[in-house]
Amino acid sequence: MSKTRLFAGFIAIEAVVLLALYTGSLNRVNVKEPEMALKRKMVRVMRLTDVAFWTEARYTRHPSQADFFAPFQDFPSSVDHFPAGSIVPPAQRHVTR
Amino acid sequence: MKGNGRIIEYALSTLARRKFKNFSIAVVFSALIAVLSSILFLTHAYKTETLKLLDNSPEIILQNMSGGRHELIPTEYIKTLSGIAGVGQITPRYWGYYYDSLTSANYTLMAVDENMRDIQLIDGRMPQTDTECAVGRGVADLRQAGLKDDFFLITGAELSVNLKIVGIFTANSAILTNDLVVMTKDSLIKFFNMPADKATDITVEVNNPAEVSMVARKIRRAFPNSRPILKNELIRTYDNIFNWRGGIVLTMFFGAIAAFMIFVWDKATGINAQERREIGILKAIGWETADVLTLKFWEGAVVATGSFLTGLILAYVHVFYFNAQFLAPVLKGWSVLFPRFQPMPYIDIYQIFVLFFLTVVPYVAASVVPSWKAAISDPDAVMR
């Protein structure tokens, strides 16, 4: 039964590691809860509407404020105005940075 | 149970006989699970954190429209707005964008007000005079500036404005503040040369959340040129964005998924002559069809389960300990200023179960089905 034991041991170790990671994640979320509360307060007090992930264009910095209604729309996943939009690479400074 | 144990032992011996082939399958399977889980973990973590934060956004943001575009909004609207039943606090917001040619980055400039003075996620303090500012961690790093350093901005009229940095938002608030430059209202109005009677937009709180859409309709009636953006629209937008970004990354790995599916399909539609002969011999020495199927089930389950768990562990470590190093460039896009990837480990167990049923179950089924065809045939015919 050596191979079965070896395999069962391997699966058990993986399961324990995963369980530890999962409980660790729950714990990490709990530990970070006061920080989250401060961030929520920041959103409320500063009246923020968007997260600062993508700063390359207005409609990526503030997707919720994007002009879905305007002619020549700019918003995430909008139809590109020109075919070149899909083949022109980023400016060199963005690539090298 | 004892019989099952022996069959598992035999299945492991069979796998060990073709160890290179099975090891290769396990590596590919684990890598595929790791990639798919990384995408799911990362997008779910960021989506959850973003939605939890933005749930505290204003109920309504009122924009003014002119010529089909967003336009500055007259602050005199506030008087009419406060007369609408159900409307709570009304606050004008002053903010705008600034392209910094020194660093090729875009900043968001924002005016501070009295309520913002007790923000805690800041080293230093919020600006109090027209010559002071507070900046996000990303801006400070990009400009290599610290507290009490000077911060230059160039106005539209090519005039230099010199502010002193009195506060830097902490790195753990970067998801909200990374590109912010906060200054006093007077300083911002002067910098953008805004008319004194206009603001960028107006936030409107509603006393009863159930009345938000009704209040928005009343606002539209009072100001036909305005555009009220509701909080639930804002949350829906972010929900879509993260699903979309996750979808794009999944599409990039579609080739790998397709290759794996073809491999599973190939396995399901036939077994090679050696495996067929092996099944014939087992049947000839007295194994039942059910025993052969149990054997094949375990062969598939051993590879799939081991690979699935390994892939999940790799994905977790990649996303939450190594900050998704391999996926970060795709999610960053062209941003010069991007907050450090530090996703909060929000895990959706449901997603893991879905992934399990979409990968492990088909693989195990693909191991059993062709063997069933061989196992119900005459052993003599199978061995020939």
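The values are calculated or read from the model by the stated rules, or taken from the named source; none is laboratory data. Model, not experiment: these values are computed from the prediction. So basically every Cβ, Gly included, is an ideal-geometry build from the backbone, and we count neighbours across all protein chains shown.
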Requested in this report: Output yes when any residue across the stretch B:105-120 is assigned to a strand (DSSP E or B), among the charged types (D, E, K, R) and farther than 24 Å from B:F192 by Cβ, and no when none is.
Outcome: no
Query - Output for the stretch B:337-363, where each listed residue is within 30 Å of B:A105 (Cα to Cα) and within 13 Å of the chain's Cα centre (by Cα) - result: B:F341, B:Q342, B:P343, B:M344, B:P345
Report task. Given the conditions (1) touching a residue at least 40 places away in the same chain (Cβ under 8 Å); (2) within 26 Å of B:F263 (Cα to Cα), report the number of the one that B:L54 does not fulfil. Result -> (2)
Requested in this report: Please work out if B:Y363 is in the same structural domain as B:M261 (by TED's automatic domain parsing), part of a helix (DSSP H, G or I) and of a type in the set (S, T, Y).
Outcome: yes
Requested in this report: Could you tell me whether any residue of the stretch A:12-22 is more than 7 Å from chain B (Cβ to nearest Cβ), aromatic (F, W, Y) and either farther than 19 Å from B:K47 by Cα or part of a helix (DSSP H, G or I) (or both)?
Outcome: no
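Can B:N178 be described as within 14 Å of chain A (Cβ to nearest Cβ) and under 26 Å from B:E59 (Cβ atoms)? Steps first, please.
Working: within 14 Å of chain A (Cβ to nearest Cβ): yes; under 26 Å from B:E59 (Cβ atoms): yes.
Taking the combined requirement at face value, the residue satisfies it.
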Query raised in the report: If you take the residues in the stretch B:98-110 that are within 10 Å of chain A (Cβ to nearest Cβ) and among the hydrophobic types (A, V, I, L, M, F, W, C), which one is nearest to B:L180 (Cα to Cα)?
Result: B:M110
Query raised in the report: Which one of these does B:N240 not meet: (1) surrounded by 17 or more Cβ atoms within 10 Å (Cβ to Cβ); (2) under 29 Å from the mean Cα position of the chain (by Cα)?
Result: (1)
Query - the stretch B:47-68, subset among the hydroxyl-bearing types (S, T, Y) and either away from chain A (no Cβ under 11 Å) or closer than 19 Å to A:A66 by Cβ (or both), residue farthest from the chain's Cα centre (by Cα) - result: B:S66
Report summary line: B:L312 meets each of (1) surrounded by fewer than 21 Cβ atoms within 10 Å (Cβ to Cβ); (2) touching a helix residue (DSSP H, G or I) at 6+ places or on another chain (Cβ under 9 Å) with one exception, condition (1)
Report task. Would you be able to say whether some residue in the stretch A:57-64 is closer than 29 Å to B:R69 by Cβ, at pLDDT below 85, touching a Lys or Arg at 6+ places or on another chain (Cβ under 9 Å) and more than 7 Å from chain B (Cβ to nearest Cβ)? Result -> no
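Does at least one position in the stretch B:303-314 carry a residue that is of a type in the set (V, I, T) and more than 41 Å from the chain's Cα centre (by Cα)?
Going through the stretch B:303-314, the residues of a type in the set (V, I, T) turn out to be B:303, B:305, B:310, B:313.
If we keep only those that are more than 41 Å from the chain's Cα centre (by Cα) as well, we get none.
No, there is no match, as no residue in the stretch B:303-314 is of a type in the set (V, I, T) and more than 41 Å from the chain's Cα centre (by Cα).
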Query raised in the report: So which pairs qualify, if the first residue must be in the stretch B:245-259 and outside the structural domain of B:L42 (by TED's automatic domain parsing), the second must be surrounded by 12 or more Cβ atoms within 10 Å (Cβ to Cβ), the Cβ gap must be under 6 Å, and the two must be at least 6 apart or on different chains?
Result: none
Query raised in the report: B:D150: of a type in the set (D, E), modelled with pLDDT of 90 or more and closer than 19 Å to B:M116 by Cα, yes or no?
Result: no
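Considering only residues that are free of Cβ contacts under 8 Å to residues at least 60 places away in the same chain, under 21 Å from B:D55 (Cβ atoms) and more than 12 Å from every other protein chain (Cβ to nearest Cβ), which ones fall in the stretch B:197-244? Full working, then the answer.
Looking only at the stretch B:197-244, we keep the residues that are free of Cβ contacts under 8 Å to residues at least 60 places away in the same chain, and these are B:210, B:213, B:217, B:220-221, B:224, B:232-233, B:236-237, B:240-241, B:244.
Among the residues that remain, those that are also under 21 Å from B:D55 (Cβ atoms) are: B:210, B:213, B:232-233, B:236-237, B:240-241, B:244.
Passing the criteria: B:A210, B:S213.
Return the residues of the stretch A:25-50 that are more than 7 Å from chain B (Cβ to nearest Cβ) and within 20 Å of the chain's Cα centre (by Cα); say none if nothing qualifies.
Correct list: A:L26, A:N30, A:E33, A:A37, A:D50.
Looking at the stretch B:333-348 only, could you name the residues that are within 8 Å of another protein chain (Cβ to nearest Cβ) and without any contact (Cβ under 8 Å) to a residue 24 or more places away in the chain? Working first, answer last.
Kept after step one, since they are within 8 Å of another protein chain (Cβ to nearest Cβ), are these residues of the stretch B:333-348: B:333-339, B:344-347.
Within the stretch B:333-348, B:G333, B:W334, B:S335 qualify.
Can you find a residue that is part of a helix (DSSP H, G or I), more than 21 Å from B:T50 (Cβ to Cβ) and of a type in the set (S, T, N, Q) anywhere in the stretch B:306-317? Please lay out each step first, then the result.
Step one: list which residues in the stretch B:306-317 are part of a helix (DSSP H, G or I), which gives B:306-317.
Now narrow it down to the ones that are more than 21 Å from B:T50 (Cβ to Cβ): B:306-314, B:317.
Still in the list and also of a type in the set (S, T, N, Q): B:307, B:310.
Yes, there is a match, as at least one residue in the stretch B:306-317 is part of a helix (DSSP H, G or I), more than 21 Å from B:T50 (Cβ to Cβ) and of a type in the set (S, T, N, Q).
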Report task. Report yes if some residue within the stretch B:254-265 is under 30 Å from A:V51 (Cα atoms) and out of contact with any strand residue (DSSP E or B) (no Cβ under 7 Å at 6 or more places or on another chain); otherwise report no. Result -> yes
Requested in this report: Would you check if there is a residue in the stretch B:174-190 being in contact with a strand residue (DSSP E or B) (Cβ under 8 Å, 6 or more places away or on another chain), small (G, A, S) and outside any strand (DSSP E or B)?
Outcome: yes
